[in-house]
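Below is one structure, written out as structure tokens, with a few remarks after it.
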Amino acid sequence: MKHLFISGILLLTLAPPTSTTYQLGTKTCTTKFTEKKNAVATLLSLHDNENTAIAAYESLATNIRFSLLELQQENQRLFIYQENGKDYIFDPNRIFSDEGIKKTLKPYDANTASKIKDFAAAIFKAFVLKNPNKYLISIHNNTDEGPLSIRDYIKPNKYQNEAKGVFVPPNMDEDDFFLVTEQEDFDYLKMHKQNVVLQSDKPTDDGSLSVYCEKNNIPYINIEAQNEHTKIQKEMMKIIYTLLKTK
Ligand SMILES: [Zn+2]
């Protein structure tokens, strides 16, 4: 009886994941949606090799209510596929503008770019339909192929012009940080002694979702942690949950 009772509770809080399939050339990929009842927001994972973020999500206590939408494509960061006998490659977090597609799609051609633009729109729409909040919350991990830390946003480093505010407390690893678009969220995270970047009002258009959100007045938060910092990323998710609950 006890077992049945526990199963009943699980069924009530976590519905089985549902998947939607997309086709690009020879490649089939899916968006997997894990729904939590009364979720405050849906988290979005675009890089399929960033598994620490997924493990952090799965380790959240049941009272931290986020749903999750994951782009799944062979556990890869970069999206690789064939069409008409040609190999194409792009970064799925660089396809949310024409400019971004131009930079990320290799080899570039206008016809393929147009298909990828449609693909980006489909992924974005799938997310919006499943997200109960006006915020777009991304989850990422930094990897060997794409190293990134909060230091990159501080002079004289490569993203110094992409931030209008950076806060670095003494106690946090520089690879674990938030990137936000709203001043009040920057202030909140600073108050909670978190590494946080406030994105510039005019960031370079690299086709990423943070830039797309800036352009479209969608409040955005990226929860970024180093690979295998599962416990830290889980705590970071809890902080954002509390932040959204107060809004
Ligand atoms: Zn990522």
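Miscellaneous remarks
- When each of Ala121, Ala126 is tested for being away from the ligand (no atom under 15 Å from the Cβ), open to solvent by less than 50 Å² (accessible area, probe 1.4 Å) and in a helix (DSSP H, G or I), the lone residue that passes is Ala126.
- Whichever residue in segment 129-138 is touching a residue at least 60 places away in the same chain (Cβ under 8 Å) and out of contact with any strand residue (DSSP E or B) (no Cβ under 6 Å at 6 or more places or on another chain) and, among such residues, is most open to solvent (accessible area, probe 1.4 Å): Lys134
- Residue within segment 218-229 that is farther than 20 Å from Leu68 by Cβ, away from the ligand (no atom under 16 Å from the Cβ) and touching a strand residue (DSSP E or B) at 6+ places or on another chain (Cβ under 9 Å) present: no
- The set of residues in segment 145-166 being of a type in the set (A, V, I, L, M, F, W, C) and outside any loop (DSSP other than H, G, I, E, B) consists of Ile150, Ala163, Val166.
- Residue list for segment 59-117, filter: within 29 Å of His229 (Cα to Cα), touching a strand residue (DSSP E or B) at 6+ places or on another chain (Cβ under 8 Å) and hydrophobic (A, V, I, L, M, F, W, C): Leu60, Phe66, Leu68, Leu69, Leu71, Leu78, Phe79, Ile80, Ile89, Phe90
- Of all residues in segment 81-118, those being assigned to a loop (DSSP other than H, G, I, E, B) and closer than 22 Å to Thr30 by Cα number 9.
- Of all residues in segment 20-31, those being among the hydroxyl-bearing types (Ser, Thr, Tyr) and open to solvent by 80 Å² or more (accessible area, probe 1.4 Å) number 2.
- The condition (being more than 20 Å from the chain's Cα centre (by Cα), at pLDDT below 95 and either within 13 Å of Leu44 (Cα to Cα) or away from the ligand (no atom under 16 Å from the Cβ) (or both)) is satisfied by just one residue among Asn63, Asn84: Asn84.
- Filter result for Asp152 (within 16 Å of the ligand (Cβ to nearest atom), without any contact (Cβ under 8 Å) to a residue 12 or more places away in the chain and not hydroxyl-bearing (Ser, Thr, Tyr)): yes
- Residues (charged (D, E, K, R) and either buried (at least 22 other Cβ atoms within 10 Å of the Cβ) or over 24 Å from Asn141 (Cβ atoms) (or both)) located in segment 92-115: Arg94, Asp98, Glu99, Lys102, Asp109, Lys115
- Residues satisfying the stated conditions in segment 32-80, i.e. β-branched (Val, Ile, Thr), under 22 Å from Ile239 (Cβ atoms), part of a strand (DSSP E or B) and open to solvent by 20 Å² or more (accessible area, probe 1.4 Å): none
- Asn141 within 29 Å of Ala39 (Cβ to Cβ), assigned to a loop (DSSP other than H, G, I, E, B) and either of a type in the set (Lys, Arg) or touching a residue at least 24 places away in the same chain (Cβ under 8 Å) (or both): no
The values are calculated or read from the model by the stated rules, or taken from the named source; none is laboratory data. Keep in mind the model is a prediction, meaning the values are calculated, not measured. A quick note on method: Cβ atoms are made from the backbone with ideal geometry, for glycine too, and the neighbour counts reach across all protein chains shown. Ligands, DNA and RNA are stripped out before the accessible areas are found, and what is left, the full protein with its side chains, is counted by its heavy atoms. Shrake-Rupley method; radii C 1.70, N 1.55, O 1.52, S 1.80 Å.
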